[in-house]
1. For the stretch B:11-64, which residues satisfy the criterion of being among the aliphatic types (A, V, I, L, M) and at the interface with chain A (Cβ under 7 Å from one of its Cβ atoms)?
2. Just for helices (runs of 4 or more DSSP H) wholly inside the stretch B:1-55: which have at least 1 residues that are within 30 Å of B:GLU137 (Cβ to Cβ)?
3. Quick check on my filter: what residues within the stretch A:1-59 are in a helix (DSSP H, G or I), of a type in the set (A, V, I, L, M, F, W, C) and touching a Cys at 6+ places or on another chain (Cβ under 7 Å)?
4. Scanning for something at pLDDT 90 or above and farther than 22 Å from B:CYS34 by Cα, does the stretch B:144-155 turn up at least one residue?
5. Does B:LEU48 satisfy the condition of being closer than 12 Å to A:TRP77 by Cα and not aromatic (Phe, Trp, Tyr)?
6. Among the residues of the stretch A:20-71, which ones are among the acidic types (Asp, Glu) and either more than 26 Å from B:ARG157 (Cα to Cα) or at the interface with another protein chain (Cβ under 10 Å from one of its Cβ atoms) (or both)?
7. Test B:HIS175 against the criterion of being crowded, with 18+ Cβ neighbours inside 10 Å and over 12 Å from the mean Cα position of the chain (by Cα), and give yes or no.
Amino acid sequence: MTRQECSEIFAMLSEYLDREIPPDLCDEIERHIEDCPPCVAFVESLRKSIALCKALKGEAPLPPLPEAVRTQLLDAWRKSTTGAQ
Amino acid sequence: MDLARRLMAGDVSAFDSFVDVFRARVAHYTYLMCGQREDAEEVAQETLLKVFQSFDQLRDPANVRAWVFRIAKNICHMRRRRSVFAPERELSLDELRPSWSQDGDSRKLDIADWSELPDRAAISSEWSRMLHSAIRELPDAYRSVVLLRDIEEMSTRETAEVLELSEDVVKTRLHRARLAIRQILDRHLQAGAKRATEGVV
């Protein structure tokens, strides 16, 4: 393996992890990674970093919506869907 | 989305669920884009008001999430206090690439040992703070992409639609944003490992 190959793969890793590249290219990357411990470690660090970001979803709960705001939103929806002025 | 379909049909029982879901999602996105909790709540309310005022213009309920976030993005953009976070700049692949070093006869990348890091189900408050901080360090153009793709878990197509970018640009920015976050977390891990080693010595 050459550093050049590692470097080319480095530029495509997100698309590889997201499965957004053609299958033959995906196979090529996997063949390289299987034989390249530094790339295995790097891909694992990137994969974990992405997983941690995804775990942020749903954090930071909000206080309850004030009733006056809810009423304003409900009125806006009703006007829009019924065509009322 | 089912809630949007029900609202389009005039089903009032879907209203509160729709508000709960999108208020929380938009507020989280706005908080990480603008940096102020108060702004985030206000933007979420303003977004929902615009959404409901123009609900009759929603043609495809399957497209509701992209539609809502596009409205939120525009409101957020108008309000954003520039320079709250990192100044706008391009991230290059070269600055995000780890360096190589020689380890005996073999070569290795200078990266931390990530094997001990908790999985997503066990994220600690320390890591949550670290991640929020890493995301905030990203230039706006990259932060908005990673928020929509990895936190909101939108598709590339949806993200491109919200941000009015091509899918190729979304992919490029996403990769660089992820690499930048990885790099910041890696430095944190390496610093922790160094402190642990010094503590033992």
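1. First, the residues of the stretch B:11-64 that are among the aliphatic types (A, V, I, L, M): B:12, B:14, B:19, B:21, B:24, B:26-27, B:32-33, B:40, B:43-44, B:48-49, B:51, B:58, B:62, B:64.
Result: B:VAL19, B:ALA24, B:ALA27, B:LEU48, B:LEU49.
2. Values: elements: B:2-8, B:15-34, B:37-53.
Of the helices (runs of 4 or more DSSP H) lying wholly inside the stretch B:1-55, those with at least 1 residues that are within 30 Å of B:GLU137 (Cβ to Cβ) span B:15-34, B:37-53.
3. Restricting attention to the stretch A:1-59, the residues satisfying the condition of being in a helix (DSSP H, G or I) are A:3-10, A:13-17, A:23-34, A:37-54.
Adding the requirement that they be of a type in the set (A, V, I, L, M, F, W, C) leaves A:6, A:9-10, A:13, A:17, A:25-26, A:29, A:33, A:39-43, A:46, A:50-53.
Across the stretch A:1-59, the qualifying residues are A:CYS6, A:ILE9, A:ILE33, A:CYS39.
4. yes
5. So B:LEU48 fits the description; yes.
6. Here is the first cut: in the stretch A:20-71, the residues among the acidic types (Asp, Glu) are A:20, A:24, A:27-28, A:30, A:34-35, A:44, A:59, A:67.
Answer for the stretch A:20-71, where residues must be among the acidic types (Asp, Glu) and either more than 26 Å from B:ARG157 (Cα to Cα) or at the interface with another protein chain (Cβ under 10 Å from one of its Cβ atoms) (or both): A:GLU20, A:GLU34, A:ASP35, A:GLU44, A:GLU59, A:GLU67.
7. Yes, satisfied.
The values are calculated or read from the model by the stated rules, or taken from the named source; none is laboratory data. The shown structure was predicted, so the numbers you read here are calculated from the model rather than taken from an experiment. A quick note on method: Cβ atoms are made from the backbone with ideal geometry, for glycine too, and the neighbour counts reach across all protein chains shown.
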